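S.K.: Structure incoming, see below.
The values are calculated or read from the model by the stated rules, or taken from the named source; none is laboratory data. What you see is a predicted model; the values in this text were computed from it and never measured. Ideal geometry is used to build each Cβ from the backbone, glycine not excepted, and the neighbour counts take in all protein chains shown.
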Amino acid sequence: MSETKLATLAISWYDDNARDLPWRVPGVGAWPILISEAMLQQTPVARVLPVWRQWVDRWPEPAGLAAETPGEAIRMWGRLGYPRRALRLHECATALLTRHGGRVPEDLDELLALPGIGSYTARAVAAFAYGQRHPVVDTNVRRLVARAVAGEPDAGPATRPADLVATAELLPPEPAVAARASAAFMELGALICTARSPRCGGCPLAGSCSWFGAGRPAVPTGPTRRPQRYAGTDRQVRGLLLAVLRDSSGPVPTQRLDLVWSDEVQRSRALAGLVQDGLVELVGDACVLAGEGRAG
DNA sequence: GAAGCGTGGTT
DNA sequence: TAACCAAGCTT
């Protein structure tokens, strides 16, 4: 008999406090759920909502997306960020068509083999779309488990196998209940057990939380590496270049792209990177989004 | 395991 | 205002 009290408490709280997100509505298919998970990778819910609606309205099945150019997926991605995710989602739709008859597979290993689908997303789809019992471990769950179970102030930066084990031990035996517990843990991490200023006063797990019980010890202060700034990076230049192409329907002369960044060396490097990544194509002396060099 | 990859709101 | 933050994946 293991510790499923946390799951019970979390689910009770979730019943009353879960946000009404459209991909959580009963009956939503695995494909729209998969799209939501891909969009939510590193992008806040509020920004995903309108784009998700556009995608599921336009491409309710994988076949619809697979029939488009990759560039159209990139264009419809809008400003969600990390546009390679749009490319991967398009590749994913194609893979679903060729390997799985146009449907999202239920098997975890088959999900993991899809483009852009990693450990978190595969388990999220298996749990939330198909009601399977898998540990669904994202940054929120890692943080919550680190605090509630291990009594630590925060989790490590990346998901490790041990995180999956620790989370799996919290899941109730019934698959559907386990899936709901995973959703509840994530929601608690997103709304209550936040990174910056956790609201332990409103947390249903506080009475069972090791970290809270220990008086909320702080993160040990140490020399932290300063992360790379965004301004002036290739990342920013890529974003500027892609924004021009996204808002254009046809080929864009490279001469026009010269206007978005004055440093020729960096601009060329950024553009070459976009081409290398398959987001952009060169057509003579012009650029287009992927797959739109001939038509579109 | 670290680095690279967008974007915009919040503190 | 600069830094931080938001449901990761790939190489």
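S.K.: Which of the residues spanning region A:120-142 are touching an Asp or Glu at 6+ places or on another chain (Cβ under 6 Å) and within 12 Å of A:Pro157 (Cα to Cα)?
M.R.: Answer for region A:120-142, where residues must be touching an Asp or Glu at 6+ places or on another chain (Cβ under 6 Å) and within 12 Å of A:Pro157 (Cα to Cα): just A:Arg142.
S.K.: Please go through region A:133-179 and give me each residue that is surrounded by 17 or more Cβ atoms within 10 Å (Cβ to Cβ), of a type in the set (A, V, I, L, M, F, W, C) and under 17 Å from the mean Cα position of the chain (by Cα), ordered by number.
M.R.: Hits for region A:133-179 are A:Val136, A:Val137, A:Val141.
Let's see how each residue does on (1) out of contact with any His (no Cβ under 7 Å at 6 or more places or on another chain); (2) within 28 Å of A:Glu281 (Cα to Cα); (3) among the charged types (D, E, K, R):
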position	(1), (2), (3)
A:Ala10	yes, no, no
A:Ala30	yes, no, no
A:Ile35	yes, yes, no
A:Ala63	yes, yes, no
A:Arg85	yes, yes, yes
A:Leu97	yes, yes, no
A:His100	yes, no, no
A:Val104	yes, no, no
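Per-residue answers, yes or no, for (1) more than 23 Å from A:Ala150 (Cβ to Cβ); (2) exposed (fewer than 12 other Cβ atoms within 10 Å of the Cβ); (3) not β-branched (Val, Ile, Thr):
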position: A:Cys193; (1), (2), (3): no, no, yes
position: A:Arg196; (1), (2), (3): no, yes, yes
position: A:Arg235; (1), (2), (3): yes, no, yes
position: A:Arg238; (1), (2), (3): yes, no, yes
position: A:Val244; (1), (2), (3): yes, no, no
position: A:Leu259; (1), (2), (3): yes, yes, yes
position: A:Leu271; (1), (2), (3): yes, no, yes
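S.K.: Closer than 28 Å to A:Leu87 by Cα, at pLDDT below 95, β-branched (Val, Ile, Thr) and within 16 Å of DNA strand B (Cβ to nearest atom) - does that describe any residue in region A:225-240?
M.R.: Within region A:225-240, one or more residues are closer than 28 Å to A:Leu87 by Cα, at pLDDT below 95, β-branched (Val, Ile, Thr) and within 16 Å of DNA strand B (Cβ to nearest atom).
S.K.: Six or more apart or on different chains, Cβ under 7 Å: which pairs go from a residue in region A:125-139 that's of a type in the set (Ser, Thr, Tyr) to one that's modelled with pLDDT of 95 or more? Could you list them?
M.R.: Cβ pairs passing all conditions: A:Tyr130/A:Ala30; A:Tyr130/A:Glu106.
S.K.: I'd like to verify a number: residues in region A:8-32 that are more than 27 Å from A:Ser208 (Cβ to Cβ) and surrounded by fewer than 19 Cβ atoms within 10 Å (Cβ to Cβ), how many?
M.R.: To start, the set of residues in region A:8-32 that are more than 27 Å from A:Ser208 (Cβ to Cβ) comprises A:20, A:22-23, A:25-32.
This time we only want the ones that are surrounded by fewer than 19 Cβ atoms within 10 Å (Cβ to Cβ), so: A:20, A:22, A:25-29.
Total meeting the criteria: 7.
S.K.: Kindly indicate the residue of region A:273-285 that is assigned to a helix (DSSP H, G or I) and within 11 Å of DNA strand B (Cβ to nearest atom) and also surrounded by the most Cβ atoms within 10 Å (Cβ to Cβ) among those meeting that condition.
M.R.: The initial filter retains those residues of region A:273-285 that are assigned to a helix (DSSP H, G or I), namely A:273-276.
Cutting the leftovers down to within 11 Å of DNA strand B (Cβ to nearest atom) gives us A:273-274, A:276.
Values: A:Gly273: 16, A:Leu274: 25, A:Gln276: 9.
Once the filter is applied, the top-ranked residue is A:Leu274.
S.K.: Hey, could you check region A:5-39 for residues that are assigned to a helix (DSSP H, G or I) and basic (Lys, Arg) and say which is nearest to DNA strand C (Cβ to nearest atom)?
M.R.: Our first condition is that a residue be assigned to a helix (DSSP H, G or I); within region A:5-39, this holds for A:5-17, A:22-24, A:30-39.
Restricting the remaining residues to those that are basic (Lys, Arg) gives A:5, A:24.
On the way: A:Lys5: 23, A:Arg24: 7 Å.
Looking at residues that are assigned to a helix (DSSP H, G or I) and basic (Lys, Arg), I get A:Arg24.
S.K.: Do any helices (runs of 4 or more DSSP H) lying entirely in region A:92-184 carry at least 2 residues that are in contact with a Phe, Trp or Tyr (Cβ under 7 Å, 6 or more places away or on another chain) and over 15 Å from A:Ile33 (Cα atoms), and which ones are they? Spell out how you get there, then give the answer.
M.R.: Numbers: elements: A:108-112, A:119-128, A:139-148, A:161-168.
By residue number, A:139-148.
Each row is one residue, and each column tells you yes or no for (1) surrounded by 21 or more Cβ atoms within 10 Å (Cβ to Cβ); (2) within 12 Å of DNA strand B (Cβ to nearest atom); (3) among the hydroxyl-bearing types (Ser, Thr, Tyr); (4) modelled with pLDDT under 95.
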| residue | (1), (2), (3), (4) |
| --- | --- |
| A:Arg58 | no, no, no, no |
| A:Pro62 | yes, no, no, no |
| A:Leu65 | yes, no, no, no |
| A:Ala73 | yes, no, no, no |
| A:Trp77 | yes, yes, no, no |
| A:Gly81 | no, yes, no, no |
| A:Arg84 | no, yes, no, no |
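S.K.: Additional query: Report yes if some residue within region A:92-110 is closer than 22 Å to A:Ser12 by Cβ and within 14 Å of DNA strand C (Cβ to nearest atom); otherwise report no. Give the derivation first.
M.R.: Looking only at region A:92-110, we keep the residues that are closer than 22 Å to A:Ser12 by Cβ, and these are none.
Within region A:92-110, not a single residue is closer than 22 Å to A:Ser12 by Cβ and within 14 Å of DNA strand C (Cβ to nearest atom).
S.K.: Run A:Arg269 past the list (1) more than 22 Å from A:Glu68 (Cβ to Cβ); (2) basic (Lys, Arg); (3) away from DNA strand B (no atom under 11 Å from the Cβ) and report the number of the one that doesn't hold.
M.R.: The failed condition is (3).
S.K.: Could you tell me how many of the residues in region A:40-56 are more than 9 Å from DNA strand B (Cβ to nearest atom) and not in a helix (DSSP H, G or I)?
M.R.: Kept after step one, since they are more than 9 Å from DNA strand B (Cβ to nearest atom), are these residues of region A:40-56: A:40, A:45, A:48-56.
Narrowing the set further to residues that are not in a helix (DSSP H, G or I) leaves A:40.
Matching residues across region A:40-56 total 1.
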